[in-house]
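What follows is a set of notes on a single structure, which appears directly below.
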Amino acid sequence: MHDLERLVVIEDLRRLMARYVYLADHQRWTDMAGLFTTDGTFTPRLVDGSTVASCAAVNRSPTPRPAAWAPARP
């Protein structure tokens, strides 16, 4: 992997992590599910450990990922 490719991957991961944290902070679970592959799973939990929702339920009615979420490429 060349240095430029490595930097692009690092930036893509940084943006993905930022979106993940933002969506989690705002409890936007359906939008958060769009960050995962269709066969991925995620069960958000509140501080007390109770379950908020699951991706299995979200995946039954998928919403398209906004184009703005696509990683920027040089």
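The values are calculated or read from the model by the stated rules, or taken from the named source; none is laboratory data. Since the structure is predicted, the reported quantities are computational estimates derived from the model, not experimental observations. Neighbour counts are summed over all protein chains in view; Cβ atoms, including those assigned to glycine, are modelled from backbone coordinates with ideal geometry.
Things worth noting here:
- If you go through segment 18-40 and keep only what is surrounded by 11 or more Cβ atoms within 10 Å (Cβ to Cβ), more than 11 Å from the chain's Cα centre (by Cα) and among the β-branched types (Val, Ile, Thr), you end up with nothing.
- Output for segment 9-47, where each listed residue is modelled with pLDDT of 85 or more and acidic (Asp, Glu): GLU11, ASP12, ASP25, ASP31
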